[in-house]
Amino acid sequence: MKKVYITSTSCLSSVGADKQLTWQGLQEGQSGIKKIEKFGFLEDIYAGQIADEVIDTQWNKLNIKGIYTRLEKMLIIALKPMIDLKKPTDTSQLILATTKGNINNLANTGVKGADINDMIQRIADLFGFKTTPIVVCNACVSGILAVSIGKRMIQMGVCEDAYIVAGDELTPFVASGFNSFQAMSDEPCKPFDANRKGVTLGEGSAAVYLSTECTARETVFEVIGEASIADANHISGPSRTGEGLYLSIQGALREAGITAEQVDLVSAHGTATNYNDEMESIAFDRSELSSTPTHSLKGYFGHTLGAAGLLELVIVIESMLHNQLVVSKGYEISGVSRALNMITANSKLSLNTALKTGSGFGGSNTALLIAKRN
């Protein structure tokens with residue numbers, strides 16, 4: 001079976017305008033979550049929103065002609081560094097992960113303007129992709145599931161490489177939807193903490209490049225195992241036993257041919273809702289990962305929906321490159337029934353293998369294992 005590597009990464013977040021600034025901000029404990037006094041029909045909500053000026057500044061650097069929506073600009077900003085490093089060939093595959101796409105465009109342009117397939121086709125045309133782009137729209141696991149799909153396509157010989165891009169925009173439509181669940185926190189979220197009050201929303205974009213090629217002069221990250229199990233527990237509520245996530249983790253470990261003891265870092269989904277955090281703690285405990293250093297990054301960015309998994313994977317890769325643990329912001333006292341080794345201080349640790357997980361509406365779950373290769 002072909003080995004598939006992540007050889008380059010990029011992102012745009014509420015913490016930083018690019019990957020380097022985002023990583024620096026996380027090391028300094030900065031959060032992109034701010035109070036927004038008025039957002040649609042909602043007032044005084046906390047969210048990880050990217051300033052329009054930041055997007056405009058990054059966009060103007062690209063000198064790209066044409067009219068694009070705000071989300072399309074976010075996606076292009078994240079994807080452009082991948083294209084600059086290696087132009088797509090006739091068989092290169094572009095894969096988009098998103099949950100809502102251009103939903104904010106619906107009121108202005110109708111259904112056509114909000115069509116996700118049309119959106120990613122415009123971006124594919126911009127960068128000269130010859131193949132038809134693929135859309136992965138599977139709730140909050142979309143970002144890391146897209147990596148799994150890209151890896152499988154390469155191993156099956158469908159394409160020679162894959163460009164994965166993920167993004168979602170903070171919109172009144174999304175915020176009002178989560179507010180109707182009464183799941184939004186009235187302060188920045190605190191994943192896995194006893195005093196958590198719910199989810200904080202955010203926005204962002206990220207991109208990674210998948211290939212079978214690597215050189216001896218660079219550090220790359222092999223995708224060694226992945227699995228996605230939907231337990232179909234409930235339209236919005238996760239399994240109380242963590243069954244889908246547990247089975248996903250077990251499937252990823254089997255493919256990788258390693259044990260839980262060999263995992264150096266767990267990057268959890270960690271939405272700071274009672275049901276999600278409890279479910280994850282049970283799944284990690286069942287998977288014998290309770291003692292593994294664990295974090296959620298939602299306290300920095302908020303929940304960026306379809307972008308969450310890929311944005312957080314980019315940060316995991318930075319952690320592994322620097323052998324630097326990232327604090328699980330907002331966590332102080334455990335608020336789940338199973339013990340977890342939550343990261344509460346910046347510290348150095350040899351990080352060679354990491355697990356990134358995601359869980360979402362409809363009982364969707366995905367686990368992805370990556371290993372550092374020098």
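The values are calculated or read from the model by the stated rules, or taken from the named source; none is laboratory data. Please read all numbers here as calculations on a predicted model, not as lab measurements. Cβ coordinates were reconstructed from backbone atoms using ideal geometry, including for glycine residues, and neighbour counts include every protein chain displayed. SASA here: full protein model, heavy atoms, side chains in, ligands and nucleic acids out. Shrake-Rupley method; radii C 1.70, N 1.55, O 1.52, S 1.80 Å.
A few notes on this one:
- Signed unit charges on C-beta, dipole axis of region 1-156, positive-most listed residue Q58, I116, S14: I116
- The overall shape of the chain is rounded: from the C-alpha gyration tensor, with semi-axes ordered a ≥ b ≥ c, the ratio a/c is less than 1.5.
- Region 249-335, Cα convex hull volume normalised per residue, Å³: 110 Å³
- Relative contact order for the chain, counting Cα pairs under 8 Å that sit 6 or more residues apart, in percent: 24 percent
- Accessible area in the full protein assembly, largest first, 1.4 Å probe, for T271, T89, T132: T132, T89, T271
- Within region 141-249, trypsin sites (Lys or Arg not before Pro) in DSSP loop having at most 11 other beta-carbon neighbours inside 10 Å: R217
- The tail of the calculated P(r) for region 163-321 beyond 22 Å holds 47 percent of all Cα-Cα pairs.
- Only protein heavy atoms count here; on that basis, with a 1.4 Å probe, S10 has an accessible area of about 10 Å².
- Stokes-Einstein diffusion of region 1-99 at 10 °C, 1.306 mPa s viscosity, Kirkwood radius from Cα pairs, rounded to a whole number: 100 µm²/s.
- Stokes-Einstein diffusion for region 64-139 at 10 °C, viscosity 1.306 mPa s, with a Kirkwood radius from C-alpha pairs, works out to 122 µm²/s.
- Rounded to the nearest 20 debye, the dipole magnitude of region 203-288 is 120 debye, with +1 charges on Lys and Arg beta carbons, -1 on Asp and Glu beta carbons, and the Cα centre as origin.
- Positive dipole terminus of the chain, leading residue within S290, G251, V174 (C-beta point charges): G251
- Those aspartates and glutamates that a straight Cα-Cα span of less than 14 Å connects to K329, excepting residues fewer than 8 apart in one chain: E28, E187, D193, E312
- Using only alpha carbons, region 13-55 has a radius of gyration to Kirkwood radius ratio (Rg to Rh) of 1.06.
- Formal net charge of residues neighbouring G101 (Cβ-Cβ distance under 11 Å; K, R +1; D, E -1): -4
- Max-minus-min Cα coordinates of region 188-227 on each principal axis give 47, 23, 21 Å, with the largest extent listed first.
- For the chain, built as a Gaussian network whose Cα springs stay under 10 Å, the top-fluctuating residue of F41, F221, F301: F41
- Out-of-range pairs (alpha-carbon distance over 29 Å; input K2/K73; K34/K87; K100/K348; K86/K190; K80/K112; K35/K372): K2/K73; K34/K87; K100/K348; K86/K190; K35/K372
- In percent, rounded to a whole number, the relative contact order of region 1-63 is 23, using alpha-carbon pairs under 8 Å and six or more apart.
- For the chain, the mean residue ellipticity at 222 nm estimated from helices alone is -10000 deg cm²/dmol, where every DSSP H run of n ≥ 4 contributes -39500 (n - 2.57) and the total is divided by all residues, rounded to the nearest 500.
- Charged-residue dipole, Cβ positions (Lys, Arg, Asp, Glu), the chain about Cα centre, Debye nearest 20: 560 debye
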